[in-house]
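First comes the structure, then the notes that go with it.
The values are calculated or read from the model by the stated rules, or taken from the named source; none is laboratory data. Here the structure is a predicted model, which is why all the values come from computation and not from measurement. Positions of Cβ are backbone-derived with ideal geometry, glycine not excepted, and every protein chain shown enters the neighbour counts. Surface areas here come from the heavy atoms of the whole protein model, side chains and all, with no ligands, DNA or RNA. Shrake-Rupley method; radii C 1.70, N 1.55, O 1.52, S 1.80 Å.
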Amino acid sequence: MYQYSDFDAAFVASRNAQFRQQVERRIDGSLTEDEFRPLRLMNGLYLQLHAYMLRVAIPYGTLSSAQMRQLAYIAERFDKGYGHFTTRQNIQYNWPRLSDVPDILDALAEVQLHAIQTSGNTIRNVTADHFAGAAADEIADPRPVAELIRQWSTDHPEFQFLPRKFKIAVTGSPNDRAVTKAHDIGLRMVEQNGEPGFEVIVGGGLGRTPMIGKVIREFLPRAELLPYLEAIVSVWNLLGRRDNKYKARIKITVHEHGIDDIRARVEERFALLRTAFNGVDQQILAGIEAQFAAPDFRTAPTDAFDTAYAEDPVFRSWADTNLAPHRADGYAIVQVSLKAQGETPGDASADQMRLLADLAARYGHDELRISHEQNVILPHVHKSDLPAIHAELEAQRLATANIGLISDIIACPGMDYCALATARSIPIAQEIATRFDELKLEHDIGALKIKISGCINACGHHHVGHIGILGLDRAGVENYQITLGGDHTETAALGARTGRGFAADEVIPAIERLVYAYLDLRTDRSETFLETYRRLGADPFKAALYPEKQESRANAA
Amino acid sequence: MSRIFTPKVITANALIEGDVIYLAADDSWTRELTEAEVLTDEAHAQLRLLEAESRQAEVVGAYLADVKPSVTGPEPTHFREEFRRTGPSNYFHGKQAQR
Ligand code: HEM
Ligand code: SF4
């Protein structure tokens, strides 16, 4: 894993010292809120409904056990004993006191973490495939490049006051687990004639105007990445609509100018910038890569796993659902669900975080990942250790076998925490998960992604959920709009609205009707919800959602 | 004819904790909506808001929120204000836990 250089450490320390003084000046009244707000946002500090919220970056989703332990310590010492992992590979603390935040930032710096550029109109935390460095289908580990981008983008003098926020995601696998097509820039590692490079996607995003990103460059040689990224961001920095924050994201710029026009401008700028990068970035990258060297995988028998798998049905179900193929023989990627039915998606208690840190240290080459699906990953586990790990996870309610299933729901904080929300999302997620657990249907239903946002900003990715749920305020009452057919992978698609929204107490029955319709309609168990939807279109699902319409039509006939 | 003015309270977040607070008639900040001063005159409400906003070393983001009077004091008219005076629904945290 990457270790801070002296430069990194000094930079974070000086930012923290500055912020400590800014907080002091705010508290003694010499800074107004208008003066202080941009300063706190630069350091990831929001004011939410009931309290401040501190958003800490987990760069490309990678944590060591020491870092995870420190996150647990902060949760206990300064918060209410838990943290919330988000779709952007951040952790959010929902209850810090303003006067404690400088100490929290210092505690984070001790383990090489910070909250810089987790907010504001800057290049945000770079996200990556959460299986990076472990996935069987990977071309190369995307994290060295993500770290390079982080170093380039952090405090980049030209990009501190962008028209709007800017999000970059990187994947090293053809199977896109990083939602690259819903980012301002998505990078997919590809090869051309044996040469490594990137497919560069631009102008994706969710929010009030959701867009699937467009390919701006089919093949960009690896060494030209930074000048090309700088060209894109600087072209947008000038063109972006600063007059209207709803039109300021690059997706609107690309939409208004057309991808061909943007491509031409980027290529022109790139031709200039390319010569300004004299290769230092590639030397730095080589240094970073050395720090991401794969761990020494061991060769050992997997008998312990095979026995448990054959004899213990609970273990077998967990293994079938929560493990993913690893590139090394005898190893597996363990996905630890933070979605025990009825719990808040993405929340982990300090005890849970500490257990995960211990497991990573003892069995997982000291590595942990946070997925954009709000789960925790132990990327490198030898199969023989899985039965022991499973038993320990069970003791902390972390062994829920539901990855990719209907209760593995992404949900944003919604109106339980977020000042921008128009409705709650967490209780809807809790109720759906609890209901299908009661029905004992979840494994029969199979792969199904439900994603919930508490307002049009779409932090819960609802547009790309197989079933998306958007919470709105309809005349002072929470109301939930359903979309169908979204897809967050390499075949990315935006869901389509089904019709009128549902009151809070109608949502769960509506989802149930949808799911029963799917179970009736699928050819067999191997056809997923999304495949059935694609085969048949929206009509049979709409009929299930709005049975009253069908009746009135039948009566009229 | 002037439009009927919906009664209001002044609410904000406390500077240090971020907790939801309300302006009381004696100019103190209270953590309970029921203890807030109910403003029934629009001009007076605007004046009180200006006063509240000027206390920037104590509070953040003061604004006027609609309420309906009741025997136990003002009650929220919108669910957002209901959550603000209660706390989140997923955990027993925030105001509900401090009562
Ligand atoms: C709680 C405080 C939060 C605030 C105030 C907030 C604010 C926003 C806003 C205003 C947007 C729309 C940006 C635009 O379209 O220009 C947005 C988008 C987004 N946020 Fe949040 N958000 C919050 C929490 C979260 C959380 C908890 C997550 C992850 C679970 C998250 C992930 C995202 C994502 C994925 C998008 C959409 C992608 C995009 O187009 O940028 N946010 N957020
Ligand atoms: S989608 Fe809306 S409610 Fe949910 S976290 Fe984002 S801004 Fe808040």
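Can you tell me which residue is least open to solvent (accessible area, probe 1.4 Å) among those in the stretch A:24-34 that are facing chain B (nearest Cβ under 10 Å) and in a helix (DSSP H, G or I)?
Going through the qualifying residues, I end up with A:Arg26.
Filter the stretch A:71-81 for residues that are open to solvent by 10 Å² or more (accessible area, probe 1.4 Å) and either within 14 Å of chain B (Cβ to nearest Cβ) or in contact with a helix residue (DSSP H, G or I) (Cβ under 6 Å, 6 or more places away or on another chain) (or both) and give the result.
Within the stretch A:71-81, A:Glu76, A:Phe78, A:Asp79, A:Lys80, A:Gly81 meet the criteria.
Where residues in the stretch A:85-99 are open to solvent by 10 Å² or more (accessible area, probe 1.4 Å) and not β-branched (Val, Ile, Thr), which of them is farthest from A:Ile27 (Cα to Cα)?
The qualifying residue farthest from A:Ile27 (Cα to Cα) is A:Arg88.
Could you grab me the full set of residues in the stretch A:419-449 that are in a loop (DSSP other than H, G, I, E, B) and either outside the structural domain of A:Phe529 (by TED's automatic domain parsing) or buried (at least 22 other Cβ atoms within 10 Å of the Cβ) (or both)?
Selection gives A:Ala421, A:Ala423, A:Arg424, A:Ser425, A:Leu448, A:Lys449.
Being within 14 Å of chain B (Cβ to nearest Cβ), crowded, with 23+ Cβ neighbours inside 10 Å and within 16 Å of ligand 1 (Cβ to nearest atom) is the requirement here; does A:Ile452 meet it?
yes
One residue is enough: does the stretch A:89-100 have a residue meeting the conditions more than 15 Å from the chain's Cα centre (by Cα), more than 23 Å from A:Gly414 (Cα to Cα) and modelled with pLDDT of 95 or more?
yes
Hey, does the stretch B:40-49 have a residue that's more than 10 Å from chain A (Cβ to nearest Cβ) and touching a Pro at 6+ places or on another chain (Cβ under 6 Å)?
Yes: the stretch B:40-49 contains one or more residues that are more than 10 Å from chain A (Cβ to nearest Cβ) and touching a Pro at 6+ places or on another chain (Cβ under 6 Å).
Here are some residues: A:Gly44, A:Gly83, A:Gly61. Which one is farther than 25 Å from B:Gly87 by Cα, within 17 Å of the chain's Cα centre (by Cα) and modelled with pLDDT of 95 or more?
Going through A:Gly44, A:Gly83, A:Gly61 in turn, just one is farther than 25 Å from B:Gly87 by Cα, within 17 Å of the chain's Cα centre (by Cα) and modelled with pLDDT of 95 or more: A:Gly61.
Can you tell me how many residues within the stretch A:408-425 are touching a Lys or Arg at 6+ places or on another chain (Cβ under 6 Å) and more than 9 Å from chain B (Cβ to nearest Cβ)?
So the count comes out to 3.
May I ask you to verify whether A:Arg435 is of a type in the set (Lys, Arg), away from ligand 2 (no atom under 11 Å from the Cβ) and within 14 Å of chain B (Cβ to nearest Cβ)?
Taking the combined requirement at face value, the residue does not satisfy it.
Any idea which of A:Val12, A:Val56 is assigned to a strand (DSSP E or B), away from chain B (no Cβ under 14 Å) and touching a residue at least 60 places away in the same chain (Cβ under 8 Å)?
A:Val56
Results for (1) part of a helix (DSSP H, G or I); (2) of a type in the set (Gly, Ala, Ser), shown as yes or no for each residue.
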{"site": "A:Ser234", "(1), (2)": "yes, yes"}
{"site": "A:Arg242", "(1), (2)": "no, no"}
{"site": "A:Lys251", "(1), (2)": "yes, no"}
{"site": "A:Val266", "(1), (2)": "yes, no"}
{"site": "A:Gln282", "(1), (2)": "yes, no"}
{"site": "A:Asp296", "(1), (2)": "no, no"}
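Regarding A:Arg525, is this residue assigned to a loop (DSSP other than H, G, I, E, B), away from chain B (no Cβ under 14 Å) and either open to solvent by 20 Å² or more (accessible area, probe 1.4 Å) or on the phi > 0 side of the Ramachandran plot (or both)?
yes
Which of the residues that make up the stretch A:455-496 are open to solvent by 10 Å² or more (accessible area, probe 1.4 Å), within 16 Å of ligand 1 (Cβ to nearest atom) and assigned to a loop (DSSP other than H, G, I, E, B)?
Answer for the stretch A:455-496, where residues must be open to solvent by 10 Å² or more (accessible area, probe 1.4 Å), within 16 Å of ligand 1 (Cβ to nearest atom) and assigned to a loop (DSSP other than H, G, I, E, B): A:Cys455, A:Ile456, A:Asn457, A:Cys459, A:His461, A:His488, A:Thr489, A:Ala492, A:Leu494, A:Gly495.
Looking only at the stretch A:223-238, decide whether some residue is open to solvent by 30 Å² or more (accessible area, probe 1.4 Å), under 27 Å from A:Ala458 (Cα atoms) and either within 16 Å of ligand 1 (Cβ to nearest atom) or in contact (Cβ under 8 Å) with a residue 12 or more places away in the chain (or both).
No; the residues of the stretch A:223-238 include none that is open to solvent by 30 Å² or more (accessible area, probe 1.4 Å), under 27 Å from A:Ala458 (Cα atoms) and either within 16 Å of ligand 1 (Cβ to nearest atom) or in contact (Cβ under 8 Å) with a residue 12 or more places away in the chain (or both).
Would you pick out the residues in the stretch A:181-197 that are free of Cβ contacts under 8 Å to residues at least 40 places away in the same chain and open to solvent by less than 40 Å² (accessible area, probe 1.4 Å)?
A:Gly186, A:Gly197
Please give the number of the condition A:Ile428 fails out of (1) away from chain B (no Cβ under 14 Å); (2) over 17 Å from the mean Cα position of the chain (by Cα).
(1)
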